[in-house]
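First up is the structure itself, then whatever we jot down about it.
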Amino acid sequence: MTDKRKVQTAVLDSPDSHQPILMPLERADAILLRSKYNTHRFFCGEWLGGCGRELYTRIGSTRVPHFAHHPEGSDGPVTCRRSSNDEASADHLYIRRALAGWLRQHGHQVKAVTLEGTVPRQGGTCTGMTIETTGGLLIAVALRDDLRRDPQRYWPRRDDELRRRRKRVEWLFGPHVTLARQMIKRTGYAFTVTCRNDGLHRTVQVGLKEGGKIPVWVDLTDCKIDDKGHLWTPPLAEMLRRRAPRSKEPVEQSPPPAVKEQPRTVARITGFPLSVNLLTVLPRAADGQTIEADITCPVAELPTEVVQVKLPDVVRGLSVGRPYQVVGPALSIAESRPDSNDLTWTIHAQALSPLFLDESETEAVEERLPKLPDWNKVMAMLVKLKQARISSDDRTSARLRAEIERLIPQLTQRQQIQARKQLDMDTEVRGPKVAPESAKKRRTSVSQARAAKRAKAAEEVHRNQASILFEMIKRAESQGRRREAKALYEVLRRFLDGLPADEYREQRDRLARCRRHLSSTAARRLNGL
């Protein structure tokens, strides 16, 4: 038996590895992942709070593809106290690797990276991290609130401690971390960090949060950091321009020196993840990395009919006017220019997939998928094997069994268990055939045994009920509630009258003693009066 929880993230080659891998939700993509990493091993990573044991890919026809623990035996389930199993369980590793590489690209040498929390250990979690450079810059990331401390008091002390020994400290907060309110009160804004699905991995995005507004997200690659350690994002530049004070009265001054005209800036109004299931894209251009296209949706009214689709690679061979579907994860961004009130909508996606495949494209996709044995064929052979065993056809049985044994190792883990279970049940040694009369007698004896068992259980219940009523009578009499004791006596008498006298003789004798005791008690009370 294995753990029933779906594990969507694993690590490659060793349990303490920092290279996570994400299981796709689509079956075809999951099969491609299995074939791509067929020479690698997957583990329930210790830096993910896992047990360190090996995992395998479980790709069925109905459930969502996921990683699962290898069964240790049939006596019990695999014990793993990993608290987070979803696609976001490895975000701290993606953020750690992305921020370290991003700092190196901007000329900063990483000195030390420290993960905070209770990892690595089974059931542990990562609450945040610090990334320090040799130039005195520190990136502090708070992924979740530390419930062991009061965040409103602990965070200012933690911030002062970090700033006391560094030239510059920049904070990034998780989407649901309440500590961001402290930074917003201090500076008017805060930076947030999250991850989005990108094929088999997740990309890091940085958001700018003002007050109670929804963060405006951009990719980490679009952000910059200067020599002094100031973090800059395009939404931050737009916010500072918007907040810049404007003089009410014109001031006479000499004309400024001639400078080269700079291109007008583009303001990103909003950015949000996009659900692509019901969107149809009709390209107007056939090639390029940025494609202008018409967009439609059958169930909703869209704010525009023309969009720009930006892809990570140059795409060739698109057919103009042919319907395509956006391959997610996708992000929609609306942009405006100072000289125009119109919005330009841009969809950042992974690829464009034909909505309707022709015959040649269907064959090309099927060729990329690994060939799996026909499970229906194996099930049909098991049915034929059972029929051959019933008809005592040993030659056909041996042939079918050998063919099934050859196909079983190529099935999935779940299918192998089902096939072997049915194979073992069909090949059990059968006893001699039972004559019809003997079978009838055996059924009769089984029915009698069941009836006797039910009668014994009912008898036990009746005895317990009688014992409870005797105790209630005794308690009422001891407390002086003679009227209640007499009423309970009548209830018990009617209850025993409906039961067989021979089987409940002991209870009847006790009831008679109880009646005599009640009568003598009543007589003593009368004499005392």
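The values are calculated or read from the model by the stated rules, or taken from the named source; none is laboratory data. Source: prediction; values computed, not measured. Cβ atoms come from the backbone with ideal geometry, glycine included; neighbour counts cover every protein chain shown.
A few notes on this one:
- Residue in segment 54-64 that is more than 18 Å from the chain's Cα centre (by Cα), modelled with pLDDT under 85 and loosely packed, with under 15 Cβ neighbours inside 10 Å present: yes
- Some residue of segment 24-31 being farther than 19 Å from residue 92 by Cα, modelled with pLDDT of 85 or more and either assigned to a strand (DSSP E or B) or among the charged types (D, E, K, R) (or both): no
- Qualifying residues in segment 2-53 (those that are in contact (Cβ under 8 Å) with a residue 24 or more places away in the chain and hydroxyl-bearing (Ser, Thr, Tyr)) - the one surrounded by the fewest Cβ atoms within 10 Å (Cβ to Cβ): 35
- Check on residue 399, in a helix (DSSP H, G or I), over 23 Å from residue 35 (Cα atoms) and at pLDDT 85 or above: yes
- Taken together, the residues in segment 147-163 that are buried (at least 17 other Cβ atoms within 10 Å of the Cβ) and at pLDDT below 85 amount to 2.
- Pairs, first outside the structural domain of residue 497 (by TED's automatic domain parsing) and among the small types (Gly, Ala, Ser) in segment 451-464, second loosely packed, with under 10 Cβ neighbours inside 10 Å and modelled with pLDDT of 80 or more, C-beta under 6 Å, six or more apart: none
- Filter result for residue 284 (at pLDDT 65 or above, surrounded by 10 or more Cβ atoms within 10 Å (Cβ to Cβ) and not aliphatic (A, V, I, L, M)): yes
- Residue-level check: of (1) modelled with pLDDT of 90 or more; (2) closer than 29 Å to residue 416 by Cα, residue 78 misses just (1).
- Segment 126-142 - residue that is among the aliphatic types (A, V, I, L, M) and under 15 Å from residue 158 (Cβ atoms) and, of those, surrounded by the most Cβ atoms within 10 Å (Cβ to Cβ): 139
- Residue count, segment 196-228 (criterion: surrounded by fewer than 20 Cβ atoms within 10 Å (Cβ to Cβ) and either assigned to a strand (DSSP E or B) or in contact with an Asp or Glu (Cβ under 7 Å, 6 or more places away or on another chain) (or both)): 7
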